[in-house]
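Asks: First the structure, then my questions, so here it is.
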Amino acid sequence: MIKTMEKTDIKSSVNEIRKDFPILNRKVNGRPLVYFDNAATSQKPSSVINEMRRYFEEYNANVHRVGHALGQEASLAYEQAREKIALFMNAKSSKEIIFTANATESVNLVAWTWGRDNIKENDEIIVSIMEHHSNFICWQQLAKEKKAILKIVDITDSYELDMQQFEQMLSDKTKLVAITSMSNVLGTINPVKKIAELTHKYGAKILVDASQSVVQMKTDVQDFDCDWLVFTGHKICGPTGIGVLYGKYDILKEMPPFMMGGGMITTVSIADSEWEMPPQRFEAGTPRISEAIGLGIAIDYINNLGVDNIRAYEEELTSYMIKQLLEIEGLTIYGPLDMEKRGATIAFSIKGIHPHDLGTLLDELGIAIRIGHHCAMPLHQRLAVDKTMRASLYFYNTFEEIDYFIQSLKKSVKIFQKFL
Amino acid sequence: MIKLQSIDQIQDEIIEEFEEFSDWEEKYSYLIEQGVELPKIDANCKVKDNLVMGCQSQVWLIPDYDKKNQVMLFKADSDSMIVKGLISLLLRMYSEQKPEDILSTELYVFEQIGLKGHLSPSRANGLSAMIRDIKKFSFAFNNNSNN
């Protein structure tokens, strides 16, 4: 396993890092896998896979309700994972960390508890046009239910959030701003801290969807001063089925439960029930124990590399890739070209060629990219394209893989262009 | 019009054609070329009712039944070049064939020409959805013509 990294060490250690990810050894259609679909899900290091296996082989038990040794070990590991996540995002306390199934469930939890209690007729909810459906549909439907108004911040010509329009949208009617810290299509980084500051001026709350940025940039909930922040575990080297909801404790305390059942009550009588304090209040039923433990190990892995080192290396990779993509005739990149304003997700299209056609040929060559609307249909409508191709890079990707990708893309384009 | 060759004979013919290609580039170039040569369908046929459900690229399939010859007739189109190529192979096999023959013949051609992956239901191009619809229409016309 890779040793703790000094600054910008990833470039020289990437071959060592790759050894931590068994799947990167496999072949697809007889060729080495080039995995550029990291915005959809990341691959998992052996340390995560092994610890989840060890949990089932050595200390599998239910948590928080059994006094025996296995139960105590499992509870300890589960709560340690919560602590690690709290530290990772600089929460004031691990009580502010709630385990959910994924980012979608985290957003739903806030919408159908705090949202249902606090959003009233004619109140305004602001989202951006670049939101993933998971941070869009809930608010759209809540607004419909409450006869509230959903306002949508547009993007500028350089694919950045239109901050001027956002500031104009804010008013005393604004109750909530729900915004992504990094677009899963454009790669755009949004100025979350500034957005939170402006939002709070009007007494509104802010929820940040950090699913894309959490492994690419420092997440500091106290610095951002956001009221909630959500992310999913599987995009940060953790397993599927585990997500995180951070909330300021004072706000969480006032929120009613989202789901009801075992583990979230203090007393239950025939007539009524009383709720536990957060986070237990929001973790009804047997929680996702192995997944939480796996996510904790994934956080260890990321901490070991250092988010700043990851960001520096991925910036280099992204810049290298964009430069070569722009040389391809008829290719459009949907996203900022300024590296400081973007992450490692690159959406593009090529004039006259169906994205699925290119995706099919790249797959033949062992390259995994995503084709479609990437769960961001409103954004694609705004861009006036049906579908885009999306290549998303990660710290285990290499410059050689990018060379192979570009070469394969050019070769594929040539095949189609003969018939255009 | 009725095809003189059986579906299996056409499958074998396609397999023979693809055997000539040594690499994936030649194979896909040939497939795309077949799609490009497919007769165009009228713009007014490209409507929602004719869309094949379950394809991520748009595929229009228009079935008809030639009562005189008792055969199925298919026209189809797509906005994807690869899918059009796959369509051209399907139409070559299935159009102008008797519905009972379409229903009773097993497809082995895609496996043999190394395009089996396209048959996976999760695959974006929806080849399996097209085959499903072709069989569905053949079943319906077969029942009608027997009644």
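Asks: Sorting A:87, A:33, A:295, A:245 on the 10 Å Cβ count, fewest up front, what's the list?
Replies: The fewest-first ordering by Cβ neighbours comes to A:87, A:33, A:245, A:295.
Asks: Okay, moving on. Test of understanding: express the Cα radius of gyration of segment A:333-420 as a ratio to 2.2 N^0.38 Å, with N the residue count.
Replies: Working it through for segment A:333-420, the quotient is 1.11.
Asks: Picking from B:47, B:18, B:107, whose Cα lies most toward the positive end of the charge dipole for chain B (charges on Cβ: Lys, Arg +1; Asp, Glu -1)?
Replies: The one lying farthest along the dipole's positive direction is B:47.
Asks: Report ³J(HN,Hα) in whole Hz for each residue of segment A:250-257, in order, from the Karplus equation J = 6.51 cos²θ - 1.76 cosθ + 1.60 where θ = phi - 60°; Gly and Pro get x.
Replies: 4, 7, 4, 4, 8, 7, x, x
Asks: Follow-up. Mind checking the mean number of beta-carbon atoms from other chains within 10 Å of the Cβ atoms in B:28-36?
Replies: Average per residue, whole number: 3.
Asks: Now a separate question. Please list A:220-231, B:43-54 highest first by mean number of surrounding beta-carbon atoms within 10 Å per residue.
Replies: For the peptides A:220-231, B:43-54, the packing ranking is A:220-231, B:43-54.
Asks: Taking only the alpha carbons of segment A:36-76, what extent do you get along each of the three principal axes, in Å, biggest first?
Replies: Result, largest extent first: 45, 17, 12 Å.
Asks: Calculated from DSSP H runs of 4 or more alone, at -39500 (n - 2.57) each and per residue, what is the 222 nm mean residue ellipticity of chain A, nearest 500?
Replies: Value at 222 nm, helices only, nearest 500: -11500 deg cm²/dmol.
Asks: Now, a different point. Just to verify a number: FRET efficiency for residue A:420 and residue A:90, C-beta to C-beta distance, R0 = 60 Å, to 0.05?
Replies: Given R0 = 60 Å and the Cβ-Cβ separation, E is 0.70.
Asks: How large is the dipole of chain A about the Cα centre if only Lys and Arg carry +1 and Asp and Glu carry -1, each at its Cβ, rounded to the nearest 20 debye?
Replies: 760
Asks: Right, another one. What does the charge count around residue B:37 come to, taking other residues whose C-beta lies under 11 Å from its C-beta (Lys +1, Arg +1, Asp -1, Glu -1)?
Replies: Surrounding charge for residue B:37 is +2.
Asks: With a ≥ b ≥ c taken as the square roots of the eigenvalues of the C-alpha gyration tensor of segment A:49-303, please select rounded if a/c is under 1.5 and otherwise prolate if a/b is larger than b/c or oblate if it is not?
Replies: oblate
Asks: Next question. Which listed residue (A:264, B:34, A:286) has the Cα farthest towards the positive end of the charge dipole for the protein assembly as shown, taking +1 on Lys and Arg C-beta and -1 on Asp and Glu C-beta about the Cα centre?
Replies: Farthest along the dipole direction, towards plus: A:264.
Asks: Please report B:22, A:349, A:93 as a ranked list, fewest other C-beta atoms within 10 angstrom at the top and most at the bottom.
Replies: Ranked by crowding around the Cβ, least crowded first: B:22, A:93, A:349.
Asks: Size of the protein assembly as shown along its principal axes in angstrom, Cα-based, largest extent first?
Replies: Computed over the Cα atoms, the extents are 78, 60, 57 Å.
Asks: Another question, if that's okay. Just to be sure I understand the rule: take each whole DSSP H helix in chain A, project its Cα atoms onto its long axis, keep it if the span is 18 Å or more and its mean Kyte-Doolittle hydropathy is at least 0.5. Which ones pass?
Replies: Sorted by number, the helices that extend far enough and score high enough are A:289-305.
Asks: Quote the relative contact order of segment B:7-146 in percent (integer), defining contacts as alpha-carbon pairs under 8 Å separated by 6+ residues.
Replies: Taking the mean separation of contacting Cα pairs over the length of segment B:7-146, I get 27 percent.
Asks: Would you please report the Å³ per residue occupied by the convex hull of the alpha carbon atoms in segment B:34-147?
Replies: Hull volume normalised by residue count: 105 Å³.
Asks: With chain A treated as a Gaussian network of Cα nodes joined by springs under 10 Å, which of A:252, A:331, A:305 yields the largest mean-square fluctuation?
Replies: Of the options given, A:331 has the highest mean-square fluctuation.
Asks: Now, a different point. Could you give me the ³J(HN,Hα) list for segment A:280-286, computed from phi with Karplus coefficients 6.51, -1.76, 1.60 and θ = phi - 60°, whole Hz, x at Gly and Pro?
Replies: 4, 3, 9, 10, 5, x, 4
Asks: Sort B:42, B:101 so the one with the fewest other Cβ atoms within 10 Å of its own Cβ comes first.
Replies: Lowest count first: B:42, B:101.
Asks: On to the next question. Counting alpha carbon pairs within less than 8 Å and at least 6 residues apart, what relative contact order, in whole percent, applies to chain A?
Replies: Relative contact order comes out at 23 percent.
Every read-out reported here was derived from the displayed coordinates using simple, explicitly stated rules and does not represent laboratory data. As the structure is a computational prediction, the values presented were derived from the model and not from experiment. Note: ideal-geometry Cβ built from the backbone for every residue, glycine included; neighbour counts use all protein chains shown.
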